[in-house]
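In what follows, a single structure is set out as structure tokens and then discussed.
The values are calculated or read from the model by the stated rules, or taken from the named source; none is laboratory data. Since we're looking at a predicted model, the values are computed, not measured. Cβ coordinates were reconstructed from backbone atoms using ideal geometry, including for glycine residues, and neighbour counts include every protein chain displayed. Surface areas here come from the heavy atoms of the whole protein model, side chains and all, with no ligands, DNA or RNA. Shrake-Rupley method; radii C 1.70, N 1.55, O 1.52, S 1.80 Å.
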Amino acid sequence: MRKPVIAGNWKLYKTSSEALELITSLKPMVENNKSVEIVVAPVFTVIGSVKHAVTGSPINLAAQDCFWEEEGAFTGEVSPKMLIDAGCSHVIIGHSERRQYFGETDTTVNRKIKAALGAGLTVLFCIGETLAERDGDQTLDVLKTQLCGGLSGLSADHLASIVIAYEPVWAIGTGKTATDEQAQDAHSFIRGVVGGLYGPTTADAMRILYGGSVKPDNIKGLMAQPDIDGALVGGASLKADSFAAIANYGG
Ligand code: PGA
């Protein structure tokens, strides 16, 4: 049985007082939800205070990125070990905004995934095609390349601490969600690729999240798909009531 994951990516939003307000409102709304793994990913600077605020609740903390070195002369970077120290259990790696605006490649994504796993973090590994790639019938090739690149050199044991997030770039922040069928098709393909690389047992256990304009009114349809195991939520995670409605989709 794959435990669903609902993760909120706060991106570059929320000062410390705003973050505390959000988490304080969210906490009681999800405290009885034992059926879903709930994760929020604030900016680095507020991870410590948000961690303090969620103590005793089922909410897990993620960072939105990390570097691959543990320490050293790497100005501006944050290492997986430091994320653990700050209270994170999860980290998002390879988000399309990192790929698009900050030069992230499959090679750097792979290095970061290895380092994060080595430190004991659970990785939310993002992949997804752009609109031009979808229109050019390249979706499956792109997904396969990103998957193989990101997972290169990892064993089946490592995959137990990876959650894949399929996020079609054209659906992120646009209000344009993939249809349930489009998402299911991509997820089933991804599971197939994981199966080809690591075998059916690993593929069956792999949790694959959908991301891209997930809202309270479309989560149920997405979660009804056999290969969709949760959601990575951007905009709708910035308000406690909408994120709680998504996390509590099961009623
Ligand atoms: P969105 O973002 O829900 O605002 O589309 C999703 C994401 O980027 O993870």
Between segment 212-251 and segment 56-103, the alpha-carbon center distance in angstrom: 23 Å
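How big is the C-alpha Rg of the chain next to the rule-of-thumb value 2.2 N^0.38 Å, as a ratio? Display every interim value, and only then the final one.
Working: Rg = 16.8 Å, N = 251, 2.2 N^0.38 = 18.0 Å.
Against the compact-globule rule of thumb, the ratio is 0.94.
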Segment 100-251, relative contact order in percent, only Cα pairs under 8 angstrom and at least six apart counted: 21 percent
log₁₀ of I(q)/I(0) at q = 0.20, 0.24 Å⁻¹ - segment 55-128, Debye sum with one point per alpha carbon: -0.80, -1.09
Over the chain: helical MRE at 222 nm, DSSP H runs n ≥ 4 each giving -39500 (n - 2.57), nearest 500: -12500 deg cm²/dmol
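Carbon and sulfur atoms: what percent of the 1.4 Å accessible area of segment 6-135 do they account for? Write down the numbers at each step before the final one.
Numbers: 3210 of 6050 Å².
Using a 1.4 Å probe with all protein chains present, segment 6-135 comes out at 53 percent carbon and sulfur.
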Gap separating the Cα centres of segment 148-191 and segment 19-36, nearest whole Å: 26 Å
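Give me the one-decimal Kirkwood hydrodynamic radius in Å for segment 19-60, with the sum taken over alpha-carbon pairs. Before the final figure, lay out each step's value.
Values: mean 1/r = 0.0954 Å⁻¹.
Averaging 1/r across every pair of different Cα atoms and inverting gives 10.5 Å.
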Per-residue SASA entry for residue 220, accessible area with 1.4 Å probe, Å² rounded to 10: 140 Å²
Principal axis dimensions, segment 127-251 - Cα atoms, whole angstrom, descending: 40, 33, 22
Across 144/220; 51/176; 11/239, pairs whose alpha-carbon gap is larger than 23 Å: 144/220; 51/176
Accessible surface ranking that places the most exposed of 10, 170, 68 first, with a 1.4 angstrom probe: 68, 170, 10
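Equivalent ellipsoid semi-axes for segment 1-135, as square roots of 5 times the alpha carbon gyration tensor eigenvalues: give them largest first, rounded to whole Å. Can you show the working numbers first?
On the way: eigenvalues 121, 70, 45 Å².
The three semi-axes for segment 1-135 are 25, 19, 15 Å.
Would you work out the charge dipole size for segment 9-89 about its Cα centre, treating the Cβ of every Lys and Arg as +1 and the Cβ of every Asp and Glu as -1, and quote it to the nearest 20 debye?
Taking the Cα centre of segment 9-89 as origin, the dipole is about 340 debye.
At 1.4 Å probe size, with every protein chain present, just tell me what the per residue accessible area of the chain comes to in Å². List each step's numbers first, then the result.
Details: 11090 Å² over 251 residues.
I get 44 Å² per residue for this part.
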Accessible area of residue 77 in the full protein assembly, 1.4 Å probe (Å², nearest 10): 90 Å²
Simple Cβ-charge dipole of the chain, Lys/Arg +1 and Asp/Glu -1, about Cα centre, in debye nearest 20: 480 debye
Reach of residue 81 by Cα under 18 Å, taken over aspartates and glutamates that are not fewer than 8 positions away in the same chain: 65, 69, 70, 71
Equivalent ellipsoid semi-axes, segment 207-251, via Cα gyration tensor eigenvalues times 5, rooted, Å: 16, 11, 8
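Kirkwood hydrodynamic radius, segment 80-193, all distinct C-alpha pairs: what's the number in Å? Please list the in-between numbers first.
Working: mean 1/r = 0.0683 Å⁻¹.
Evaluated on segment 80-193, it is 14.6 Å.
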Solvent accessible area, Å² - residue 29, 1.4 Å probe, full protein context: 80 Å²
